[in-house]
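These notes are about the structure you will find just below.
Values quoted throughout were computed directly from the atomic coordinates according to the rules given, and no laboratory measurement underlies them. The model shown is predicted, which means the values in this text are computed figures rather than measured ones. Cβ: placed from backbone, ideal geometry, glycine included. Neighbour counts: every protein chain shown.
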Amino acid sequence: MWLTEHASQRLQQRAIPEAALELLRRYACIEYSNGSRIRYFDRRSWRQLMQAVGTSLKEPERLSGLYAIETETGVIVTAGHRYRRIKRDYQPGRRQARRRSHRSHSLQSKR
């Protein structure tokens, strides 16, 4: 597994085992952002992981918020525990909430 020096420091500081990164590579979903990949567990990938590995994990809840950022070549740049949502790009077939700002709604009603 290829890690940058920064990534290995962050894994140590955040108490993330390298085996957890392997689970991310196998089961996590991927979002692309600024030329890099963000791997994280969404509901679907978390379910797949639990079905495959299940009770053999010591503390599975610690892995649920895990993410890793890697380059296009697969080198892991950093990893951590999520405390915010990951913004996802639109994908066909995925349901999107329709949002209108309060201001645009009020301007349309005056017309």
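Scanning the range 50-83 for residues that are among the aromatic types (Phe, Trp, Tyr) and either in contact with a Ser or Thr (Cβ under 7 Å, 6 or more places away or on another chain) or without any contact (Cβ under 8 Å) to a residue 24 or more places away in the chain (or both) returns a single hit, 83.
A count restricted to the range 37-58 and to residues that are under 26 Å from residue 4 (Cα atoms) and exposed (fewer than 15 other Cβ atoms within 10 Å of the Cβ) stands at 1. Could you list all residues from the range 2-30 that are closer than 16 Å to residue 71 by Cα, without any contact (Cβ under 8 Å) to a residue 60 or more places away in the chain and buried (at least 18 other Cβ atoms within 10 Å of the Cβ)? Once the filter is applied, which keeps residues that are closer than 16 Å to residue 71 by Cα, without any contact (Cβ under 8 Å) to a residue 60 or more places away in the chain and buried (at least 18 other Cβ atoms within 10 Å of the Cβ), the range 2-30 yields 21, 24, 28.
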